[in-house]
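What follows is one structure encoded as structure tokens, with my remarks underneath.
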Amino acid sequence: MSKTNPGRFFEDYTLGQVIRHAVPRTLSGGERALYTALYPARHALYSSDEFARSVGLAASPLDDLIAFHTVFGKTVPDISLNAVANLGYAQGRWLMPVWPGDTLRAESEVIGLKQNSSGKSGIVWVRTRGLNQHGAVVLDYVRWVMVRKRDPDAPAPETAVPDLAKAVAPGDLVVPGGLDFSRYDFTQAGEPHRMGDYRVGEVIDHVDAVTIEEAEHMLATRLWQNTAKVHFDATNRPDGRRLIYGGHVISLARALSFNGLANAQMIVALNGGSHANPCFAGDTLRAWSEVLDMVETGAPGIGAIRLRLVATKGAAGALRGEDGKYLPEVLLDLDYWALMPV
Amino acid sequence: MSKTNPGRFFEDYTLGQVIRHAVPRTLSGGERALYTALYPARHALYSSDEFARSVGLAASPLDDLIAFHTVFGKTVPDISLNAVANLGYAQGRWLMPVWPGDTLRAESEVIGLKQNSSGKSGIVWVRTRGLNQHGAVVLDYVRWVMVRKRDPDAPAPETAVPDLAKAVAPGDLVVPGGLDFSRYDFTQAGEPHRMGDYRVGEVIDHVDAVTIEEAEHMLATRLWQNTAKVHFDATNRPDGRRLIYGGHVISLARALSFNGLANAQMIVALNGGSHANPCFAGDTLRAWSEVLDMVETGAPGIGAIRLRLVATKGAAGALRGEDGKYLPEVLLDLDYWALMPV
Amino acid sequence: MSKTNPGRFFEDYTLGQVIRHAVPRTLSGGERALYTALYPARHALYSSDEFARSVGLAASPLDDLIAFHTVFGKTVPDISLNAVANLGYAQGRWLMPVWPGDTLRAESEVIGLKQNSSGKSGIVWVRTRGLNQHGAVVLDYVRWVMVRKRDPDAPAPETAVPDLAKAVAPGDLVVPGGLDFSRYDFTQAGEPHRMGDYRVGEVIDHVDAVTIEEAEHMLATRLWQNTAKVHFDATNRPDGRRLIYGGHVISLARALSFNGLANAQMIVALNGGSHANPCFAGDTLRAWSEVLDMVETGAPGIGAIRLRLVATKGAAGALRGEDGKYLPEVLLDLDYWALMPV
């Protein structure tokens, strides 16, 4: 019997199955420091205990994407080891801040299955939950992947495709308890723009660019204990290139978006996301955002802004070609809600 | 209206103006660990809580250059985004140790302005202060940069050039409260040499060398939230090279100087400094020091040694050519005071 | 008088001599986070405070190899600065976990000396101890190196070769106080295999591979304050290559061994080890293990498994050629005891 993990194949998933992912993780100020070293992250709420206290929190939480990557990393050995493609995200919500000292674990429930017409693979939908040491859900999102079958002759499961909303409804957004933007310090935050200064449809070019190195994306990906071979092993692909973890691109783009969206402080929902094209070391990444929607949350001084965040090797604003497909220079198209002073 | 930060141009500065820089930062043991990973730092006072206690401190503070880089990084978006050159430092003092858990913010006062004869740019002098969460100044230094004008036709400001001493006077050096080197453990510190073993004019070749990688200098520069484009974007310069942040060179040289100056424990003043030539990935850095002065501080067993620290790609001792200009292999010429057992 | 450390030469060592190594080090969550970023480390006991508590510890200790590298790094300036070769390890034991906040220092006793027949160098055996801030020994191992003589005419010392066991006896293994694997959570640990599922002679291919970058091995080596020139200075060797610290290979291989040995949680003894061939950036490392022995420890639910861990650029299982020498693709052959649920 082989002792190593072969990963699950399409026929190993059943509807309603709950998978408890391995290797819980305690996070500390070390992960926060590394996040700052890996990404040009400057959102004040995640940089300063003093700023966080001035808006009603006990201290500065860990970046929302630290929580996301940590939870995501745990799911890789069970969900995407034999995945052909990471197809999408939906209905993701951050329900509670994660603090240094917290321990995260993850579990996923299979909520959809559909065999492909080829019979060689299928699509698996899972709802993944990240839980802290108190058993509270801190993060919750749907993800779907295409997974190979071990045995092409294995019978197809009954098709079940979950009904997924295009975006998290404003009423379902969770504002952390105590958060209050009514005495928000725009000078310390880095920009004067409040939600009322933006308009739906506005496109913001984040101007700055970062060229990516192999060592950086591997440090980042390992930091989340995501050990998918394709990110680390230069002998794995015929072209000798290591694929960059899509989450690395998400974090880079989000950090670059500080320049123009410094006050889009907390990510509270992930409406959708596509890793439009693969990213490799040597690529120089830029980012732009489009304002999709804006709502008030009812919490003091706090609005929610819905943003499309695009990482690209090309120009701001360009997304799809005439054929409706993503342009080859586009790497990421992400749709999320963030909290901002109204 | 553009939402991104265009930076200040020469005509945007006025004498006496105080700029509160954005994004306060809480530091932890994570930044300390990263500093050790990025630089061959071995000064015992910054490595060990036990050693720090044996010389009268409550615990090991964060490296003096962590404080410097953190404060410096905050000033970049306001002071040097449109800078053509970083011209110099003067009258820098460390006034108080920075501990894990402290939150630093920064502010700068414009103390000098002088338009260049071309009318296209000018020199701006600022006094920058780093403050902790109690509002105490932990660090204070003068820096001057050449900044482009937005509009060449904008009127020149009245010229005001600050009177800057060549070095911080010994009587102005601040020894941290409680520091006592009278029972200093030279074995644990790594070298037997006390201040009396050095002589003014002595040159110390620090022997070791480090070859710099792109990933390292970018991790370091981001760690201080210094997001100046030229360090990160390989498409920014016509030659496709990323310029290495001058502070990376300072920290590398200072860490290399352990070998020969292991007991020059704390940096207490920055008298001056020039980034003599640009530094790029692939460069192999060496360092040498020259003893410029030595004084007693009045604190128990504690002397102050004034050092010229030179980072170079060449030989120890060589600094300027016959024309008086820095040799092309010289990268840094730094003048500082450090505390050492007498 | 030169102020820099010339290192010790063979004639500087005397039998029974005790060397207190410099620069004590306080470790924190920062070092833990960096360890996870540098290596694909996933053993649950070192990842999660909650998991560690579920097996009777107060919290998650720092990885055993963090303790080893930290102690080893301190010895470099005194033991291996003029070493021609690092010849072996023996009788290493971990005696006590190391926790964030602990301060480690190191000392070595010379326990063997043998001049080579050439008269130009000799072998030095030392027993190195790592101590925490309470003076307790946390780690203890024998290492021997070949060291150059400063003066070939210096008289040879009396030959003294220590008697070293091939392996630490099972009765000498130290199980940390309170450790209890009787309610071990195999799901959270990541694999179902307990000690009874392995057999002596079994070979486990750990499947995954990692391609190494210059920036990574330098960050890692500096993190342990190991400043041996050959790892950092591309101008040091005629071929312009930087040699990778052997400990980097040990940590990479150990982390890769999670896949198949996820429950070999704690390293308690180092029986022996050879750095079979040099490792350079660009190498793609794989790892395999062979089960050498298994014993019960007497502690609740806890067995000890003796493993050969091999890091290689080639295939699993291949170790030596017909000439009895290590194959050129083999980088490391390590023999250790780990604690595992029975």
Under the 7 Å Cα-to-Cβ spin-label approximation, B:ALA165 and B:THR187 lie apart by a distance in nanometres of 4.0 nm
Taking all pairs of distinct alpha-carbon atoms in segment A:62-144, Kirkwood radius in angstrom = 13.5 Å
Chain B: angle of helix B:29-38 to the longest principal axis, Cα-based, in degrees nearest 10 = 90 degrees
Normalised by the number of residues in segment C:1-62, what is the relative contact order in percent for Cα pairs under 8 Å and 6+ residues apart?
-> 17 percent
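Please give the calculated 222 nm ellipticity per residue for the protein assembly as shown, where each DSSP H segment of at least 4 residues contributes -39500 (n - 2.57) and the sum is spread over every residue; nearest 500 deg cm²/dmol?
Values: 21 runs with 183 residues, N = 1026.
For the protein assembly as shown, the value works out to -5000 deg cm²/dmol.
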Kindly give the distances from C:PRO152 to its copy-mates, label point to label point, with each label point 7 Å from Cα along Cα→Cβ, as nm values to one decimal ordered shortest first.
-> 7.0, 7.0
Can you spot the lysines whose alpha carbon is less than 20 Å from A:LYS74's alpha carbon? Ignore those fewer than 8 places along the same chain.
-> A:LYS3, A:LYS229
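Once the cut-off is 28 Å, how many percent of the Cα-Cα pairs in segment C:163-319 end up in the long-distance tail? Mind dumping the intermediate values first?
On the way: 3757 of 12246 pairs.
The calculated P(r) of segment C:163-319 puts 31 percent of pairs beyond 28 Å.
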One would report the Cα pair-distance distribution of segment C:145-228, bin width 5 Å, in %, as 2, 7, 8, 9, 11, 14, 18, 14, 7, 5, 3, 2, 0
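Can you list the GluC sites (Glu not before Pro) in segment B:137-232 that are in a DSSP coil and have 16 or fewer other beta carbons within 10 angstrom?
Details: sites: B:GLU158, B:GLU202, B:GLU213, B:GLU214, B:GLU216; in loops: B:GLU158, B:GLU202, B:GLU213.
Qualifying residues, ordered by number: B:GLU158, B:GLU202.
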Area projected by the alpha carbon convex hull of segment C:1-43, averaged over all directions, nm² | 6.5 nm²
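Give the average, rounded to an integer, of partner chain Cβ atoms located within 10 angstrom of each Cβ in B:254-262. Could the numbers behind the result be given before it?
Values: counts 0, 2, 2, 0, 6, 5, 4, 2, 5.
Per residue, the number of nearby Cβ atoms from other chains is 3 on average.
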Phi angles of segment A:213-229, converted by Karplus (6.51 cos²θ - 1.76 cosθ + 1.60, θ = phi - 60°) into ³J(HN,Hα) in whole Hz with x for Gly and Pro, give 10, 4, 4, 5, 6, 6, 4, 4, 5, 5, 3, 8, 6, 8, 10, 4, 3
In a Gaussian network model over chain B where Cα atoms closer than 10 Å are linked, find which of B:ALA160, B:ALA253, B:ALA304 has the largest mean-square fluctuation.
-> B:ALA160
Please state, as a whole number in µm²/s, the translational diffusion coefficient that the Stokes-Einstein equation yields for the protein assembly as shown at 37 °C and 0.692 mPa s, with Rh defined as the Kirkwood radius across alpha carbon pairs.
-> 110 µm²/s
Calculated log₁₀ intensity ratio I(q)/I(0) where the Debye formula runs over C-alpha points of segment A:190-244, q = 0.23 Å⁻¹ | -0.88
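What percent do you get for the relative contact order of segment C:195-342 when only Cα pairs under 8 Å and 6+ apart count? Intermediate values should be presented prior to the final figure.
Numbers: 304 pairs, mean separation 46.2, N = 148.
Result for segment C:195-342 is 31 percent.
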Please work out the C-alpha center-to-center distance from segment A:1-37 to segment B:1-62 and express it in whole Å.
-> 35 Å
For chain B, what's the relative contact order in percent, using C-alpha pairs closer than 8 Å and at least 6 residues apart?
-> 19 percent
Nearest-0.05 FRET efficiency for A:VAL200 and C:TRP99 at R0 = 41 Å, using Cβ-Cβ distance, is 0.20
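Just counting partner chain Cβ atoms within 10 Å, what average do the residues of peptide A:37-44 show around their Cβ?
Working: counts 15, 6, 1, 7, 4, 9, 1, 5.
For this peptide, the per-residue mean of nearby foreign Cβ atoms is 6.
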Among A:GLY73, A:GLY112, A:GLY240, residue whose mean-square fluctuation peaks in a GNM of chain A (springs only between Cα atoms under 10 Å) = A:GLY240
Express in whole angstrom the spacing between the alpha-carbon centres of segment C:70-87 and segment A:198-237.
-> 37 Å
Straight-line reach from A:LYS325: which aspartates and glutamates have Cα under 15 Å away, leaving out those fewer than 8 places along the same chain?
-> A:ASP333
Return the lysines within reach of C:LYS114: Cα separation strictly under 22 angstrom, same-chain partners fewer than 8 residues apart disregarded; answer none if there are no such residues.
-> C:LYS149, C:LYS166
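Return the ratio Rg/(2.2 N^0.38 Å) for chain C, where Rg is computed over Cα atoms only. Walk me through the intermediate numbers first.
Details: Rg = 19.8 Å, N = 342, 2.2 N^0.38 = 20.2 Å.
Relative to the 2.2 N^0.38 Å estimate, chain C comes out at 0.98.
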Shielding score for B:63-74, defined as the mean number of other chain Cβ atoms within 10 Å | 0
Phi to ³J(HN,Hα) by Karplus 6.51 cos²θ - 1.76 cosθ + 1.60 over segment A:60-67, Hz, x for Gly, Pro | 6, x, 6, 3, 4, 7, 4, 4
Under a 10 Å cutoff between Cα atoms, tell me which one of B:ALA316, B:ALA58, B:ALA154 has the largest fluctuation in the Gaussian network model of chain B.
-> B:ALA154
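Rule-based calculations on the coordinates, nothing more; no lab input. Since we're looking at a predicted model, the values are computed, not measured. Reconstructed Cβ throughout: ideal geometry from the backbone, glycine too, with neighbour counts over all protein chains shown.
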